[in-house]
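Everything below concerns the one structure shown next.
The values are calculated or read from the model by the stated rules, or taken from the named source; none is laboratory data. Note that the coordinates shown come from a computational prediction; the quantities given were computed from them, not determined experimentally. So basically every Cβ, Gly included, is an ideal-geometry build from the backbone, and we count neighbours across all protein chains shown.
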Amino acid sequence: METIEVALQHRPYPVVIGAGGLAQLGDLVAQQGFGAGTKVLIVSNPEVEALYGATALASLQAAGFASQLVVVEAGEQQKTPATIGLIHDAAFERKLERRSLLVALGGGVVGDMTGFAAATWLRGIAVVQVPTTLLAMVDAAIGGKTGVNHPGGKNLIGAFHQPALVLIDPLTLASLPEREFRAGMAEVIKYGVIGDPELFAALEAAGDLSSLERLTPGLLQAILLRSAAAKAKVVAADEHEGGLRAILNYGHTLGHVVEALCGYGTYLHGEAVAIGMVAAGEIALALGLWTESDQQRQRRLVAAAGLPQHWPDLDLEAVLACLQGDKKVRDGRVRFVLPTGIGSVVIRDDISAAVIGAALERLA
């Protein structure tokens, strides 16, 4: 088991990574100061609950926690205030108190919803994130961003609510569908582009990244550790996305447009982010921020992970209108994270509609 500390000024917390860690969930929760008898409600989806719910529940109960489990439907289309209401109903029925705890057992959607439910139940109770998808392990579970979607845009309803603990058990990836695994690789590639050229090079050297079986155990561990460390470092420096943390949105600005306009669920989040990264690279190329060689390296790595990179057939006016609903808009100006090289990015808010349109047309 290896631990990475998210060194926040208030309430720092550990990210614990280790094979078989799920069976130690109860002991790890106890180490965070939760006493025996604490009421714990695990939130999961049907598929994950069937595979790992019993292990998580038994571990918590063996450690003395009064634990129960509730199942909600997952999928991006379920990420709504109505589903949060179902979690709140379960919290009410089980009489959760201010010292109680929610545990998110699942992917990014379950993590986002459970975190937001915890942030809003009794004005905020603790949450533990136990991600079971690659995307959630390297990104969504770390950093305290929680929320649900609005018909006008992704994650427009939410709150910052840091977890008390993040537990990553790589063994849970064995049951992950290949498409979901590939979607998670998009976030890993993102970390390489925004600040870790060594990780990017290691991914290039690996060749085929399209399935878990193609990765050596050493590379998988390096991916989990380096990604978690990168996310922890940025979050500790900018907890509420006042500045630096915005670089974590590389690929997400246009990726969210793809998700919203194509309909949630048409593309997985990571697939949309992959398209968004390639599109951001095309804009950067047009502006002379990075080279054609860098853009081709990014495109080859996206292809090696089996991810899409062609822009869907979307009306440009609808794209521009959707961009205006992005959370990162300031004074009506859309802020883009654009690469300047493998390992470095800048934030720009002066990108014209003409440049955006031309870049997207080249990717059609």
Out of the residues in the range 69-102 meeting the condition of being within 27 Å of Gly184 (Cβ to Cβ) and touching a Leu at 6+ places or on another chain (Cβ under 7 Å), tell me which one is surrounded by the most Cβ atoms within 10 Å (Cβ to Cβ). Leu102
Out of (1) of a type in the set (Val, Ile, Thr); (2) crowded, with 19+ Cβ neighbours inside 10 Å; (3) within 22 Å of the chain's Cα centre (by Cα), the odd one out for Ile283 is which? (3)
Scan the range 193-213 and give yes if some residue there is assigned to a helix (DSSP H, G or I), of a type in the set (D, E, K, R), crowded, with 21+ Cβ neighbours inside 10 Å and not assigned by TED's automatic domain parsing to the domain that holds Val6, otherwise no. no
Subset of the range 79-109, residues assigned to a helix (DSSP H, G or I) and out of contact with any helix residue (DSSP H, G or I) (no Cβ under 7 Å at 6 or more places or on another chain), comes to Pro81, Ala82, Gly85, Leu86, Asp89, Ala90, Phe92, Glu93
Please specify each residue of the range 110-133 satisfying the condition of being in contact (Cβ under 8 Å) with a residue 60 or more places away in the chain and not in a loop (DSSP other than H, G, I, E, B). Val110, Met113, Thr114, Ala117, Ala126, Val128, Val130
Residues located in the range 51-109, provided they are of a type in the set (Val, Ile, Thr), out of contact with any Pro (no Cβ under 6 Å at 6 or more places or on another chain) and more than 22 Å from Gln32 (Cα to Cα): Val70, Val72, Thr80, Thr83, Ile84, Ile87, Val109
How many residues are outside any helix (DSSP H, G or I) and within 15 Å of Pro163 (Cβ to Cβ) when one looks only at the range 1-44? 21
Checked the range 119-132 for anything hydrophobic (A, V, I, L, M, F, W, C) and under 17 Å from Ala74 (Cα atoms); matches are Val130
Here are some residues: Leu86, Leu96, Leu101. Which one is under 22 Å from Ile168 (Cα atoms) and in the same structural domain as Ala164 (by TED's automatic domain parsing)? Leu101
Here is a list: Val302, Val337, Val319, Val329. Which entry is of a type outside the set (Gly, Ala, Ser), within 21 Å of the chain's Cα centre (by Cα) and farther than 26 Å from Ala205 by Cβ? Val329
